Structures are given as structure tokens and as C-alpha cells.
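Participant: Dropping a structure here in C-alpha cells format, bear with me for questions.
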Amino acid sequence: MEGIGAFFAMGGYAAFVWPAFAVTLGLMAALGWSTWRRLKAAERALAALEAAGEAAVEDEAT
Amino acid sequence: MATEAMALSQTDKAPARGAAGLHRFANPARFSRLSARLLPWTAALAVGLIALGLYLALFVAPADYQQGQSVRIMFVHVPSAWMALFCYSFMALASAVGLIWRHPLADLAAKATAPVGALFTFTALLTGSLWGKPMWGTWWVWDARLTSVLILFFLYLGYMALWQAIDDGAKAARAAAILALVGVVNVPIIKFSVEWWNTLHQPASVLRLDGPTIDASMLWPLLVMALGFKAYFVTVLLLRLRTELAERRLRAFRRRALAEG
């Protein structure tokens with residue numbers, strides 16, 4: 001069984017393999033996170049407006 | 001909520017028969033309920049499949065006899081590339097539906113897809129470079145596959161820029177839809193580039209008429225990762241659609257407040 005050092009070394013290709021995985025998964029996580037935050041901000045703002053007693057609103061006819 | 005439904009149904013005077021079924025989901029309240037039910041599942045699928053895919057890719061799949069451990073880059077590179085093409089195709093289809101049938105959610109679905117597609121195109125290019133440097137000896141080459149994928153990336157950016165640049169939502173949707181449809185010719189070009197031209201990029205080894213040439217020990221981790229990336233796309237798409245609808249309602253609220261105010 002290879003040691004943990006050998007695993008991280010990736011047969012000498014560590015400098016290529018690990019950034020590839022890190023950037024791909026990192027960017028996916030970042031997009032998911034930023035999307036989530038934007039949704040929550042919009043929902044919070046909507047809840048605040050509705051709580052302030054605004055009546056049901058007509059959606060914009062795009 | 002009822003007012004919204006009525007307002008929307010009145011803007012769709014003559015839905016084409018083919019899209020009549022889809023018009024059920026034009027109602028934002030219905031979409032909101034459906035997406036709220038689906039989201040926990042798609043998110044769990046995405047996390048679970050990607051986690052499993054990573055385990056298979058890093059610990060189970062064998063090293064390649066020629067490429068050694070660098071072949072593991074394939075397990076992020078190929079799913080990214082597949083998603084880049086899938087997202088653009090989906091975006092073009094949604095744009096067509098929005099243009100032809102004026103389905104209200106179609107334009108928003110296309111808009112919501114673009115950043116995800118752009119992200120995967122970028123990671124496909126980046127991981128491809130990281131794989132190409134040790135294997136081909138170069139970070140980049142202007143062969144047909146790489147060049148056409150770079151063009152795909154610029155198409156995504158142009159599409160997103162149109163939405164940002166045009167203030168009127170309906171006009172932005174139409175302009176962006178036209179760009180998406182004009183650019184869709186790039187998708188088959190990318191797919192067949194490795195057959196039509198003499199490319200440094202290798203030919204297809206999975207999606208071929210004669211079946212995959214890739215070994216099962218590598219094919220399964222690849223498919224698991226690809227499915228995980230798809231589930232991730234559905235999750236982010238649903239989240240972004242909910243956001244678009246919420247922000248539209250916010251803008252309507254604020255316009256009303258200004259008008260009354």
C-alpha cells in the first residue's frame with residue numbers, strides 16, 4: 001500500500017493534478033455559495049417588504 | 001399570488017400546443033413550490049455523487065500505463081467539458097422556447113444557466129492546460145478543439161454581457177436568445193472537431209458510434225462524476241431561477257412604492 005506521501009505526490013504530477021481538482025471544485029463551491037447568498041438576500045428583502053404590510057404585488061409582465 | 005397567476009396567464013394569449021404542458025410551470029408560485037421540493041434532493045445527489053466520484057477517481061481508478069497519475073485530471077476535465085456543451089445546448093433550447101412560445105420561465109432559465117456553463121468551460125480549459133503541459137509539453141495549442149472551446153467561453157461571456165447591458169428585460173432576453181441560437185453551431189463543431197480536423201487533442205473515447213474505448217475501471221468514475229456535475233447544475237439552476245423570480249418581485253414592489261410615493 002502506498003504511503004500518504006506517495007498519494008499526494010501523484011507520481012510526480014502533483015503540481016498539475018491537485019490544482020486541477022482544487023480549482024474545479026473550488027469554483028463550483030464558490031458559485032453555489034454566491035448563488036445561495038443572493039437568493040437568501042432577495043428572500044429576506046421580500047419578507048421585510050411583505051411584513052411592512054405591502055399588498056400582493058403584480059409581477060412585471062416581461 | 002393569484003394576481004400574479006392571472007397577470008401571467010393574460011400575457012400568454014395564444015400558447016402553442018406543444019408548449020401547453022410547459023405553461024403549467026409558468027406560474028411562479030407553482031415553480032416555487034416545485035423547486036422547493038426538488039432542491040434538497042438535487043443538492044444531496046450532487047454532493048453524494050461528486051463525493052463518490054472523487055473517491056473513485058482518486059483511490060479506485062488505476063493510473064494509466066502511459067500517463068501515470070496525471071490521467072486523474074480526466075475526472076474533472078471531461079465532466080467539465082461535457083457540462084460546458086450541455087449547458088450551452090440547454091441555454092440555446094431555453095432561448096428558442098422563450099423566443100418562439102414566449103414561455104416566461106424559459107428566458108430566465110437560459111439566463112440562469114449561462115454562469116454555470118461559463119464556469120465549466122473555464123475549468124475545462126484550465127484542467128485541460130494542466131493536463132496538456134505534462135502530457136503534450138505545452139499549456140496551449142491552437143488546434144480545432146481548444147480554439148472552438150475558447151470561442152464557446154467568449155460566447156457565454158457575450159451572452160451574460162447582453163443581459164447586463166440592456167436595461168429592458170424583454171429586449172435583453174431577445175437579444176441574448178438570438179446570440180445563444182447563432183452560437184449554437186459551435187456545439188457540433190466542438191464535438192466533431194477532433195474528427196474533422198487534425199488535432200492535438202485526442203479523438204472521442206466515450207461518446208462514439210462504436211461504443212466507448214475507455215476501460216470500465218476509468219469509465220465508471222467518469223460517469224459518476226459527470227452525473228454529479230449534472231445534479232450540481234440542476235441545483236444551481238433551480239436556485240438561480242428562484243432568485244430571478246424573487247428579484248423580479250422585489251423590483252415590482254419598489255416600482256409600486258415609487259409610483260405611490
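Participant: Rounded to whole Hz and in sequence order, give me ³J(HN,Hα) for the range B:85-97 from the Karplus expression 6.51 cos²θ - 1.76 cosθ + 1.60, θ = phi - 60°, writing x for Gly and Pro.
Facilitator: For the range B:85-97, the Karplus curve yields 6, 4, 4, 5, 4, 5, 5, 5, 4, 4, 4, 4, 4 Hz.
Participant: How crowded by other chains is B:122-130, given as the mean number of beta carbons from other chains within 10 Å of each beta carbon?
Facilitator: Per-residue shielding by partner chains comes out at 4.
Participant: Provide a whole-number value for the mean count of partner chain Cβ atoms within 10 Å of the Cβ atoms in peptide A:30-36.
Facilitator: 5
Participant: Could you give the angle, 0 to 90 degrees to the nearest 10, between helix B:144-165's Cα long axis and the longest principal axis of the Cα atoms of chain B?
Facilitator: 20 degrees
Participant: If you don't mind, there's one more thing I want to ask. Through the Karplus equation 6.51 cos²θ - 1.76 cosθ + 1.60, θ set to phi - 60°, convert the phi angles of the range B:199-207 into ³J(HN,Hα) values in whole Hz; use x for Gly and Pro.
Facilitator: For the range B:199-207, the Karplus-derived couplings read 10, 6, 4, 5, x, 5, 10, 10, 8 Hz, x marking Gly and Pro.
Participant: Arrange the peptides B:132-143, B:223-234, B:52-63 so that the one whose residues have, on average, the most other Cβ atoms within 10 Å appears first.
Facilitator: Most protected by this proxy first, the peptides run B:223-234, B:52-63, B:132-143.
Participant: Can you give the FRET efficiency to the nearest 0.05 for A:A6 and B:K133, using r as the Cβ-Cβ distance and R₀ = 22 Å?
Facilitator: 0.50
Participant: Something else now. Averaged across the residues of A:7-19, what count of C-beta atoms belonging to other chains lies within 10 Å of each residue's C-beta?
Facilitator: Shielding by partners across A:7-19 averages 6.
Participant: Taking the Cα centroid of the range B:211-261 and of the range B:131-204, what is the distance between the two, rounded to the nearest whole Å?
Facilitator: Distance between centres, Cα-based: 20 Å.
Participant: Which whole-Hz couplings ³J(HN,Hα) result when phi for each residue of the range A:40-45 is put into the Karplus expression 6.51 cos²θ - 1.76 cosθ + 1.60, θ = phi - 60°, listed in order with x for Gly and Pro?
Facilitator: 3J(HN,Hα) across the range A:40-45, in whole Hz: 5, 4, 5, 5, 5, 4.
Participant: Counting each DSSP H run of 4 or more residues in the protein assembly as shown as -39500 (n - 2.57), what helix-only mean residue ellipticity at 222 nm follows after dividing by all residues, to the nearest 500 deg cm²/dmol?
Facilitator: Here the helix-only value at 222 nm equals -25500 deg cm²/dmol.
Participant: Here's another thing I want to ask about it. Can you give the three extents of the C-alpha atoms in chain B along their principal axes, from longest to shortest, in whole Å?
Facilitator: Sorted largest first, the three principal extents are 71, 38, 35 Å.
Participant: Spin-label point model (7 Å from Cα, Cβ direction): what's the B:W41 to B:I100 distance in nm?
Facilitator: 2.8 nm
Participant: If neighbour count is taken as other Cβ atoms inside 10 Å, put B:V116, B:V236, B:V194, B:V185 in order from fewest to most.
Facilitator: B:V185, B:V194, B:V236, B:V116
Participant: Given the convex hull over the Cα atoms of the protein assembly as shown, what projected area results after averaging over all orientations, in nm²?
Facilitator: 19.3 nm²
No value in this document is a laboratory result; all are computed from the given coordinates. Just so it is clear, the model here is predicted, and its values are computed rather than measured. Ideal geometry is used to build each Cβ from the backbone, glycine not excepted, and the neighbour counts take in all protein chains shown.
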